[in-house]
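The values are calculated or read from the model by the stated rules, or taken from the named source; none is laboratory data. Computed from a prediction, not measured in an experiment: that's the story for all the values here. Here the Cβ positions follow ideal geometry from the backbone for every residue, glycine too, while neighbour counts run over all protein chains shown.
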């Protein structure tokens with residue numbers, strides 16, 4: 001094998017053959033697949049919304065969900081601050097920002113559970129009609145993604161406490177951040193399409 | 001490693017400024033919802049503000065503004081495809 005080809009193989013093994021980190025590129029490709037996943041659910045929701053009309057949507061608690069939206073936006077800020085902290089080698093701040101992220105994620109989930117329970121009390125359930133089916137499927141899957149993100153944040157926190165993450169090894173935090181911010185972006189779209197445009 | 005900042009990081013708005021922008025845009029959306037501006041104006045405003053919020057998060061928090069353009073392409077292409085599908089779905 002030529003010197004040039006050998007160098008290319010070495011670069012590939014090192015994870016930067018295209019000048020890109022393979023783990024990061026993999027995360028972006030996963031996000032691309034998630035765009036299509038949520039895209040299908042959102043398209044289905046919009047289809048029924050504009051064909052049938054969703055009068056039940058007027059009953060949604062926009063103020064409560066608005067507060068929940070602020071909570072998720074704040075968590076995006078804490079995640080990006082955690083990344084900045086670990087890149088600067090500030091371990092204590094990194095732990096604090098990540099802990100705050102976990103608390104905000106749990107708070108968002110608590111708000112969502114409260115909203116779901118309120119809707120069920122009003123008779124809107126997964127099987128009560130097209131609105132209930134599409135609403136709970138869409139927001140439920142988003143909630144599951146937030147729950148997955150909280151678990152991921154806990155694992156990242158444990159790694160941080162054990163000292164395996166630092167300024168030189170911060171890619172794991174960046175990749176977790178990409179996931180969390182994407183979940184935030186999905187919520188920005190859902191908040192607009194479900195709660196604001198009724 | 002403390003205090004390390006790239007040239008790109010020095011020239012961009014801080015994360016806190018972006019956060020305040022996101023909160024401000026969300027507050028405006030809730031305000032529009034409260035005063036009950038009628039469609040289609042309210043719909044246009046909601047789409048405009050949510051689009052701005054998505055762009056801010058992707059560009060600054062996900063670092064697409066300063067990262068390799070291939071990452072942007074991997075993210076934007078399915079979004080464009082999704083928009084086409086969504087419009088077709090509504091139109092059918």
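Does the range A:110-131 include one or more residues that are surrounded by fewer than 21 Cβ atoms within 10 Å (Cβ to Cβ), part of a loop (DSSP other than H, G, I, E, B), within 14 Å of chain B (Cβ to nearest Cβ) and touching a helix residue (DSSP H, G or I) at 6+ places or on another chain (Cβ under 6 Å)? No, the range A:110-131 contains no residue that is surrounded by fewer than 21 Cβ atoms within 10 Å (Cβ to Cβ), part of a loop (DSSP other than H, G, I, E, B), within 14 Å of chain B (Cβ to nearest Cβ) and touching a helix residue (DSSP H, G or I) at 6+ places or on another chain (Cβ under 6 Å).
The listed residues are A:99, A:72, A:64, A:46, and the only one of them that is more than 9 Å from chain B (Cβ to nearest Cβ), closer than 18 Å to residue A:192 by Cβ, surrounded by fewer than 21 Cβ atoms within 10 Å (Cβ to Cβ) and under 22 Å from the mean Cα position of the chain (by Cα) turns out to be A:64. Every test in (1) away from chain B (no Cβ under 14 Å); (2) surrounded by fewer than 16 Cβ atoms within 10 Å (Cβ to Cβ); (3) free of Cβ contacts under 8 Å to residues at least 40 places away in the same chain is passed by residue A:143 save one, and that test is (2).
Look at (1) under 26 Å from residue A:70 (Cα atoms); (2) crowded, with 17+ Cβ neighbours inside 10 Å; (3) modelled with pLDDT of 90 or more and you find that residue B:33 fails only one, number (3). Within the range A:20-29, does at least one residue satisfy the condition of being more than 11 Å from every other protein chain (Cβ to nearest Cβ) and out of contact with any strand residue (DSSP E or B) (no Cβ under 6 Å at 6 or more places or on another chain)? Looking for residues that are more than 11 Å from every other protein chain (Cβ to nearest Cβ) and out of contact with any strand residue (DSSP E or B) (no Cβ under 6 Å at 6 or more places or on another chain), one finds at least one in the range A:20-29, hence yes. Here the condition is being crowded, with 19+ Cβ neighbours inside 10 Å and away from chain B (no Cβ under 11 Å); of A:165, A:161, A:178, A:196, it holds for A:165 alone.
In this structure, does residue A:34 turn out to be more than 8 Å from every other protein chain (Cβ to nearest Cβ), more than 30 Å from residue B:16 (Cβ to Cβ) and either surrounded by 15 or more Cβ atoms within 10 Å (Cβ to Cβ) or in contact (Cβ under 8 Å) with a residue 24 or more places away in the chain (or both)? Against the criterion (more than 8 Å from every other protein chain (Cβ to nearest Cβ), more than 30 Å from residue B:16 (Cβ to Cβ) and either surrounded by 15 or more Cβ atoms within 10 Å (Cβ to Cβ) or in contact (Cβ under 8 Å) with a residue 24 or more places away in the chain (or both)), residue A:34 does not qualify.
Residues in the range B:35-88 that are more than 8 Å from chain A (Cβ to nearest Cβ), more than 18 Å from residue B:20 (Cβ to Cβ), in contact (Cβ under 8 Å) with a residue 12 or more places away in the chain and not in a loop (DSSP other than H, G, I, E, B): B:45 alone. For residue A:94, all conditions in the list (1) more than 10 Å from chain B (Cβ to nearest Cβ); (2) modelled with pLDDT under 95 hold save one; what is the number of the exception? The one condition residue A:94 does not meet is (2).
Listed here are the residues, each with its yes/no results for (1) part of a helix (DSSP H, G or I); (2) over 21 Å from residue A:71 (Cβ atoms).
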| residue | (1), (2) |
| --- | --- |
| A:142 | yes, no |
| A:145 | yes, no |
| A:149 | yes, no |
| A:153 | yes, no |
| A:159 | yes, yes |
| A:174 | yes, yes |
| A:186 | yes, no |
| A:194 | yes, no |
| A:198 | no, yes |
